[in-house]
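One structure is given below, encoded as structure tokens.
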Amino acid sequence: MKIIIITGTPGCGKTTLSKRLKEVIDCVLISLNELVIEKNFIIEYEEKRETNIIDFEKLNSYILQYIEEAKTKIGCLIIEGHFADFLPNNLIDIVFILRCHPEILAKRLEKRNYKNKKILENIQAEILGNCSNYIYQKKLSCPIFEIDVSGLSVDNLVKEIFNILEEKVNPNNYTLGHIDWLNELFNEDRLSEFFD
């Protein structure tokens, strides 16, 4: 069984992409946010940050058992979520990190009716490349692809993923760390718009 991880800051399009990929390739999909709520893998709700505190011990146990039971039954498993990096290294075959320009991300999160503080927190996480950093710190030996989704439709993003999987594109165009919103905004003297 091949396990594909799709991660990125909330609003980058992980769930939309994953659901579309599931439609066009023979894969089972686990959306971590949905799973956490469905199975109640929640310790508490943090009002200040408007987010669930996840019980990673229960989540990890469930995922490991699911993979063990499914490994001979399914050929491909997509696990998507901004905290998908929790998975043990030996279970990850390929990683896609979706990145989105902070201005576009802000508009997407506004459409979700996120409060200003939560929008800013997520934009800061995207500027700092938190999801990419978490993957980098894992020191994975599998292929990792960082994709700028800012100007891509879902259909074009699916095509790009297929081109990567079928090795029709230069993998150097997707190396971890090649997207650097921090440096871009610093050079434009715009960091103060996003950080106090």
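The values are calculated or read from the model by the stated rules, or taken from the named source; none is laboratory data. The model shown is predicted, which means the values in this text are computed figures rather than measured ones. We place every Cβ from the backbone using ideal geometry, glycine too, and count neighbours over all the protein chains shown.
Laid out as a table, the results:
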{"read-out": "Residue identified as touching a Gly at 6+ places or on another chain (Cβ under 9 Å), on the phi < 0 side of the Ramachandran plot and in a helix (DSSP H, G or I) among LEU157, LEU152", "value": "LEU157"}
{"read-out": "Cβ pairs under 7 Å, 6+ apart, first in the stretch 155-167 and surrounded by fewer than 19 Cβ atoms within 10 Å (Cβ to Cβ), second charged (D, E, K, R) and part of a helix (DSSP H, G or I)", "value": "VAL158/ARG20"}
{"read-out": "For ASN187: the one exception among (1) in contact (Cβ under 8 Å) with a residue 24 or more places away in the chain; (2) farther than 21 Å from ILE5 by Cα", "value": "(1)"}
{"read-out": "Subset tally (residues that are part of a helix (DSSP H, G or I), surrounded by fewer than 17 Cβ atoms within 10 Å (Cβ to Cβ) and in contact (Cβ under 8 Å) with a residue 40 or more places away in the chain) for the stretch 1-56", "value": "5"}
{"read-out": "Subset of the stretch 29-59 (residues that are closer than 12 Å to PHE83 by Cα and touching a Leu at 6+ places or on another chain (Cβ under 8 Å))", "value": "LEU32, VAL36, LEU59"}
{"read-out": "The stretch 97-139 - residue that is among the small types (Gly, Ala, Ser) and in contact (Cβ under 8 Å) with a residue 24 or more places away in the chain and, of those, nearest to VAL158 (Cα to Cα)", "value": "SER132"}
{"read-out": "Breaking point among (1) out of contact with any Ser or Thr (no Cβ under 8 Å at 6 or more places or on another chain); (2) assigned to a helix (DSSP H, G or I); (3) at pLDDT 95 or above, for ASN172", "value": "(3)"}
{"read-out": "Residues (of a type outside the set (Phe, Trp, Tyr) and either closer than 20 Å to GLU80 by Cβ or at pLDDT below 95 (or both)) located in the stretch 122-141", "value": "ASN122, ALA125, GLU126, GLY129, ASN130, CYS131, SER132, ASN133, ILE135, GLN137, LYS138, LEU140"}
{"read-out": "Qualifying residue in the stretch 84-96 (condition: touching a strand residue (DSSP E or B) at 6+ places or on another chain (Cβ under 7 Å), in a helix (DSSP H, G or I), closer than 11 Å to ILE3 by Cα and in contact (Cβ under 8 Å) with a residue 24 or more places away in the chain)", "value": "yes"}
{"read-out": "Residue selected from the stretch 119-145 under the condition part of a helix (DSSP H, G or I), touching a Pro at 6+ places or on another chain (Cβ under 9 Å) and not hydrophobic (A, V, I, L, M, F, W, C), by the criterion nearest to GLY177 (Cα to Cα)", "value": "GLU126"}
{"read-out": "Residues within the stretch 97-108 that are in a helix (DSSP H, G or I) and under 29 Å from PRO143 (Cβ atoms), tallied", "value": "4"}
